[in-house]
Structures are given as structure tokens and as C-alpha cells.
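The values are calculated or read from the model by the stated rules, or taken from the named source; none is laboratory data. Everything numeric in this text was worked out from a predicted model, so none of it was measured. Because the Cβ atoms are built from the backbone with ideal geometry, glycine has one as well, and the counts that use them run over all protein chains shown.
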């Protein structure tokens, strides 16, 4: 039984130190993560000048909780839909980086005298760039919108998934104390099965449940539901033989595709910040100055390996996937650090008892060092790109540019085949995993239960129930994946187009037949499986297809609607009213030009041709809002319009403010400006000149003689008027 008093005492100590140090780091304009690590060091037994924690096990408890919440939050930003959209370029680049850095880390670990298992964990830790640090550096430097930034963010998304897979593989290797191919293959297969099954179940069930209870989900209830799902899935993940963190990541990824994800992120953010801080503080507590001094050489060597390796593999990966030289170099120079997942992998190794205690502070030191150097390397990418482009041999430069151009400009036929094969692969993988799940449930649960209650009829009834459950998914495997329009276009491009399609169809039929034969052979005998299986398969395809085809299409369309629920809700494509009119739901961003305006002044109908049917503000839903209703950030507008009108309006309504330097309160001024005879404002009103939108200033009052007039939007400016305004110094200077 934990000592509650010591638990609270330790939490109070680390949070107070964390608050003080992070405020200091904010003032110094340094990453907050580094501040947490420093606070952890100050609270550790290695720093003797301040009180230390009473029980390190207490911090371990809070840290494990922090990992679960952090992975849940990362999942909310991930979404399987986003993974599908990042494209093959990001996946290939991330794979090259991870494999290359793991190999480099393993070799360096062995050269430094670490064991095989320690070297393997070291390679895993060195292969993960820090999403937090890169995003912060890009925002601080104002380069988050350049071309290479989108490429870097896409690679980071894939790296997050690779990190989760890596944690499972490393756990399996650590527990079995070997790197056997069969064990690793089993672990990866089990992970893929677990991911896909819960992805399918989650996409089918969660969006529907959340939408059905949307009216009851205020901020408090949504937080309870979200964290309940997070911890519930984490516990179930452990029950299935995986880690707490994996379950939290999966449920976060599923929720990321729902239309409530923005609200979930908002209510979960304080919890994530709190326990995330505790986790990084616990990382800092592992920092031992004596070990850092003792292992200064390995720290510098590993830092050099991270920087050089990330630049090389990142740039090489981008070039391989057809990116131009400049974009490839800018991307490669951005990955030059390690961060959150490195600490999580290190914590995993420590909890499994396979990681040497000296490696943890070494990795922390490498992370701190590379974090400080990251902005400099990002800046250094531009002059390096200029130098390489000017000194690269002309022939080599021509070959790279031509390869890049060819890779980015695939022919229409290649794009069509690529789309067709992707659809084919996803259908085979998804339905095969569902069929495997049905087979396992039947053989492990259903058949033993039937044998107990009706032993004489158990096999026949079990076969009937199992094959009935498998029927829709066997048919889904058997149906062609290509559409008539696609086959017509392929035929026009190539007269032999049908040969690959026939081969693909035969392969799918063999897989479907294999499942039938296997389940019959497992329940009866191999002879029964092969003889009856073929007949059953023919029966399914030719006789039952008409009865279940409509239902199968409904299931698939429901799945796709839930998968794309967030986008469909925003665009209104799944909510047709009459003719070409749709109802779309858009969340007002802080950069929306008519934030704070009345509906009457927003000109939505006049400028965009749409109508506002509802406004959701928190738990309150305002139907048919009046002209005097104002629009605020976070409002969900129910917009009625055509597809073109909605697509034009979406980026305007959901616009966010540009990332700029933090504006302090002292930068906001309350000043007055006296209008002269030559002022361009004369004769105009506050509404007609739109000072709020153009200059981001607020007109508080108009002083005319000794009278202060309230700016109603209808009072014209006159010579001699003194206009009292509130705004940022720079914008006021521009206005003057």
C-alpha cells in the first residue's frame, strides 16, 4: 500500500520545481522539455542543495501514468487517415532513417563496449527524432509553411508509428533474450493483428456512439469519457500481451478520426501537460553528473552520430523518394535530435531490467545537446543547399532533378494501377484479419463451449455458425476491386490489362477458399476440408452473393463514412439536403476574419452565398441564430451551401493565427489618435473601414469636443475627432 502522504509530497516538490524552472526557460526562450529535465535533476538525489524526493517509486508511478497520457495525446494527433495521406515518400524516408540509425546505433554501441541488447535499445533510441522540438523550432523560426516542412511533419507521423512497433519488438527481444526471426515475426504479426482489429472495431463503433451522445458531452463528461477509454484500452492492451502505452496510442488514433477530436484535445490538454511534465521531470532525475563526466566521450560521439546520421539518412531518404536537392537537405538537417520517444524506449528498457543504468543519463545528455543545436542546423541547411547546388557536377545535378521530376509526375495509367493495388492490398489485409479473428474465436471459445453443452451436434452447429459469420467477409474478398470506369481506362491504355486483374482475382479467391478449407479441416478432417470446402466456396460466391451484396456494401460504406467522419462533417458531403445543398459543420478558428462580428456584418450570405443554420457554443446549440448573434473562436457553425461554396468558405472559417513571437501584455497599448483635415477616415464609419479586421485594433470611443461617443458602427468620423483605440504597438504605428 503506497504512502499517500509521501506520494503527494513528492508530487508537490517536483511540480513546484518544474514550475519555477520552466518559467525561467520560457524567459530564456528555450524548449520547455529541457526545463523539465533540469527540474528533475534538481529534485534528484544527485543534487544535494535542495530537498529531494522521499521515494523514487512514487515518481516511477507518476511517470508511467505520464507515458500513457502522452501516447494517448500523440494518438489524437496521429489518426490512421493522416497516415494514409502522408504518402509513400514519407513512409520510405522514415523507414530508411529508422533502419539506418538503428544499425549505426547498434554498431557504435558495440564499439563502446555495450552488450547486444543494450546496443539494440541504443539504436532504437537514436533513431527517433523529436516531434516537439522540430515543430517548436519551425514555429519560432517562421518556416513552418515552406515545402520541406510538410515533408518533415509527414515523416514524423510515420516515425511515431514505427516507434510503437519498435517498442513491441524490443519488448519481445528483451523478454526472450534473443533476436530470433520467428519470435520477431510472431510479435510483429500479433501487433498488426491487434492494431487492425481494434482499428476496425473502433471505427465502426466509436464515432456512432459519440455522435449518438453528442448532446450530453459537455467538457467535463467528454474528459471522463476520453480518459476512461484511454486507460481502459491501455489495460486491455496489457491483457493482450502488449504495453499500456500501445493501447493508449491506439485508442487516441481511433478518436483522431472523429468529429469530436478538437474538443477531446482541448479537454485532455491540461491532463497531458501535467503528466507529461511529470514524465520528463522523472527523466531528469536519472541525470547523474558523475556519469556524464565519466562518459563525456561516448556522449559527444553519440551526439555526432545522431547529427551526421540523421542528416545523411534523412537527405538520402528524401532523394530516393524523388524530392529535389534543396528540399531533401532542408529535411535532413531538421532531424538532428532525439527526444520524447527515446526517453520512452529507455524507460521501457529500464522497466524490463535489460538496459544498463548508465545508458539512461547518457541518452538524456545526448538529447539535451542535440536539442540545443537543432535550430542552428535548420538555419545551416540553406547555405549548405546553396553550396551543394552550385558545386554539384552538372551531370549529377541533371540526373537528380530528372529523377525527382519523373518520380513526382507519374503517368495517369501508373497512378490508376497504384490506386488499384493499394485498394486491393487494404481489402485483402483487412478482411483477412477479420476472418482470422472469427476463426480464433470459433476454435478457442465457440467450439469448446458447444462440445460441453451439445457434444453430438457441436461440430455441425459450430461449422454453420462460423461459416455464416465469415460469409460476408469471404464474399468481400471474392468481389472485384476494380470499377467499370477504371477497367475501361486500363483497356484503352493497354489491351492486356485484364491479365494482372485476373491474377489478382485468383489470388483473392485462393485466400477465401483457404479460410473455408482451414476451418472445416480444424473442426473435421483435412479430407472434409478440401472436398466440402470447394463446394461451400462456390455456394457462397454464386448463390449467396445476391442476398448479402447490398448489406456488404452498406457495411463498407458505413466504415468509410466513419473513417472520414471528420472531413465529411466539415464538408457536408454526407449530409445532403436538396439538390446540391449540403449542411456542413465548421469550427471557427482564431484567424477567422469575422471573429467577434455580428452575423449581419459578416457578409457570409452576400460574399459566399451560404446560410448559417446553427451555432454550437460549448454544450449550447443555437438554431437559426439572429442577425445580432456574434461569432467567436471555437463556435461550430452549421453552414448550408453548395459544394463549391462550402469548399471556398472552409479555409476562411477555420483559419488559425500565424505562429509569431509571443505578445506580452506590455505590448498592448491604449492610445488616442486625433484626426486631421487630411485623414483618410473622414466621412467613414468604424464598420465601413473595418479597423478590427485590417489592423487588429479595437475602437473604444470617439471623443468629439467633450463628449465620448460609443462606436456603434454608424457614427462617421469628423475632423478634430480623437479616436481612442486598443491594440498592439506595431499595428497602431501602422495605423498612424
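Against the numbered list (1) over 18 Å from the mean Cα position of the chain (by Cα); (2) part of a helix (DSSP H, G or I); (3) surrounded by fewer than 24 Cβ atoms within 10 Å (Cβ to Cβ), residue 276 comes up short only at (1). Only one of the numbered conditions (1) modelled with pLDDT under 80; (2) assigned to a helix (DSSP H, G or I); (3) closer than 16 Å to residue 279 by Cβ is not met by residue 140, and that is (3). Taking segment 585-619 as the range and being under 22 Å from residue 260 (Cα atoms) and in a loop (DSSP other than H, G, I, E, B) as the test, the residues that pass are 588, 589, 590, 591, 592, 595, 618, 619. When residue 730 is tested against (1) at pLDDT below 70; (2) surrounded by 15 or more Cβ atoms within 10 Å (Cβ to Cβ), only condition (2) is not met. Given the condition at pLDDT 85 or above and more than 23 Å from residue 168 (Cα to Cα), answer yes or no: does some residue in segment 278-292 qualify? No, segment 278-292 contains no residue that is at pLDDT 85 or above and more than 23 Å from residue 168 (Cα to Cα). Being under 30 Å from residue 617 (Cα atoms) and either surrounded by fewer than 17 Cβ atoms within 10 Å (Cβ to Cβ) or at pLDDT 75 or above (or both) is the requirement here; does residue 227 meet it? Answer is yes for this residue.
Filtered by the rule that a residue be assigned to a loop (DSSP other than H, G, I, E, B) and over 16 Å from residue 520 (Cα atoms), segment 431-462 gives 454, 455, 456. Confirm whether residue 108 is modelled with pLDDT of 75 or more, touching a helix residue (DSSP H, G or I) at 6+ places or on another chain (Cβ under 9 Å) and within 21 Å of residue 343 (Cβ to Cβ). For residue 108, the condition - modelled with pLDDT of 75 or more, touching a helix residue (DSSP H, G or I) at 6+ places or on another chain (Cβ under 9 Å) and within 21 Å of residue 343 (Cβ to Cβ) - is met. Among the numbered conditions (1) under 23 Å from residue 162 (Cβ atoms); (2) in a loop (DSSP other than H, G, I, E, B), the only one that residue 348 does not meet is (2). Scanning segment 694-712 for residues that are surrounded by 13 or more Cβ atoms within 10 Å (Cβ to Cβ) and either within 24 Å of residue 594 (Cβ to Cβ) or in the same structural domain as residue 591 (by TED's automatic domain parsing) (or both) yields a total of 9.
With the requirement that a residue be outside any loop (DSSP other than H, G, I, E, B) and without any contact (Cβ under 8 Å) to a residue 60 or more places away in the chain, what does segment 331-345 give you? If the condition is that a residue be outside any loop (DSSP other than H, G, I, E, B) and without any contact (Cβ under 8 Å) to a residue 60 or more places away in the chain, then 332 is the only one that fits.
Going by the structure shown, is residue 9 in contact (Cβ under 8 Å) with a residue 12 or more places away in the chain, in a helix (DSSP H, G or I) and within 23 Å of residue 340 (Cβ to Cβ)? In short, no. Please verify whether segment 45-54 includes one or more residues that are under 30 Å from the mean Cα position of the chain (by Cα), in the same structural domain as residue 266 (by TED's automatic domain parsing) and surrounded by fewer than 18 Cβ atoms within 10 Å (Cβ to Cβ). No - not one qualifying residue is present in segment 45-54.
Scanning segment 284-291 for any residue that is under 23 Å from residue 62 (Cβ atoms) and in a helix (DSSP H, G or I) turns up at least one such residue. Determine if segment 279-292 includes at least one residue that is surrounded by 23 or more Cβ atoms within 10 Å (Cβ to Cβ) and under 29 Å from residue 637 (Cβ atoms). No, there is no match, as no residue in segment 279-292 is surrounded by 23 or more Cβ atoms within 10 Å (Cβ to Cβ) and under 29 Å from residue 637 (Cβ atoms). At pLDDT 70 or above, surrounded by fewer than 16 Cβ atoms within 10 Å (Cβ to Cβ) and part of a helix (DSSP H, G or I): does that describe residue 519? No.
Per-residue answers, yes or no, for (1) assigned by TED's automatic domain parsing to the domain that holds residue 61; (2) within 22 Å of residue 60 (Cβ to Cβ); (3) surrounded by fewer than 19 Cβ atoms within 10 Å (Cβ to Cβ):
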| position | (1), (2), (3) |
| --- | --- |
| 296 | yes, no, yes |
| 302 | yes, no, no |
| 308 | yes, no, yes |
| 314 | yes, no, no |
| 319 | yes, no, no |
| 329 | yes, no, no |
| 339 | yes, yes, no |
| 351 | yes, yes, yes |
